[in-house]
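Working notes for the structure below.
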Amino acid sequence: MEMNTQDIGRIIADKRRELDLTLEEVGQRVGVTKSTIQRYEAGLITTPKIAVLESIARALSLDPALLTGKKATLPDNAMPVNSGSPKIAIPILGNVAAGEGAFADSNVIGYIMEDRNSLSSAEEYAYLVVKGDSMYPEFKDGDKVLVKCCPAAESGEYAVVMVDDDNGVVKKIEYGEKCIILHSVNPMYPPRKFEGKEMLRIRIFGVVRGLRRSY
């Protein structure tokens, strides 16, 4: 879908101001000059480059599809739900880390067969092994959570999030006034609050849509 350059610019400008970032700061994150970011915001780039739009989206913690108008290409190991088979093989990930392909062969430790009719068509899913007790008793160490892979989550949802270069963990996400709060279920683990520019430290891998537990 072709995007209107004025709409693209408005989305970029609104998000940048929400995060209290300057044109120069965004440009540094993307690897372009501040005047280039300003031209994108003003809708003056008549033929926006997809790679630049995706970089801007990452710098602002936006879903790239909001700027490019297209869905991301599925990784090689991803299993789209809309195949002809009544069953779909969902990869089990031992961990998810920022800066590397989530579906890298080294991360896939197995597969679980699911009825494709029970999952949303054309979405991308993975199972992630829960580690630790921060989400106990809702999620226990060794549980496998079914995750719908997407770069955004609604306030109040359980999501797999990455902070800086740490591995992805399950947390309940809450959006406040210019802040994001990550909640654990276990009261021994206090909430983590990220305000202003600190919100850029957070990356969302997906939202939890199911649970498998071995007894």
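When +1 charges are put on Lys and Arg Cβ atoms and -1 charges on Asp and Glu Cβ atoms, the dipole computed for the stretch 87-212 relative to its Cα centre reaches about 140 debye. Classify the stretch 170-210: rounded, prolate or oblate, from the alpha-carbon gyration tensor (a ≥ b ≥ c, eigenvalue square roots; a/c under 1.5 rounded; otherwise prolate if a/b is larger than b/c)? Oblate, because a/c is 1.5 or more while a/b does not exceed b/c. Classified by the C-alpha gyration tensor, the stretch 87-212 has a prolate form. Its axis ratio a/c, with a ≥ b ≥ c, is 1.5 or above, and a/b is larger than b/c.
Could you tell me which of rounded, prolate or oblate describes the stretch 5-68, using a ≥ b ≥ c as the square roots of the eigenvalues of the alpha-carbon gyration tensor, with rounded for a/c under 1.5 and, failing that, prolate when a/b is larger than b/c and oblate otherwise? Rounded.
Sorted from fewest to most neighbouring beta carbons within 10 Å, what does the list 127, 175, 40 look like?
Details: 127 22, 175 13, 40 27.
Taking fewest neighbouring Cβ atoms as first place, the list is 175, 127, 40.
For residue 140, the lysines whose Cα comes closer than 24 Å to its Cα, not counting residues fewer than 8 places off in the same chain, are 131, 148, 171, 172, 193.
Just so you know, all these numbers are worked out from the coordinates, no wet-lab data involved. Everything numeric in this text was worked out from a predicted model, so none of it was measured. Glycine gets a Cβ as well: all are built from the backbone with ideal geometry, and neighbour counts include every protein chain shown.
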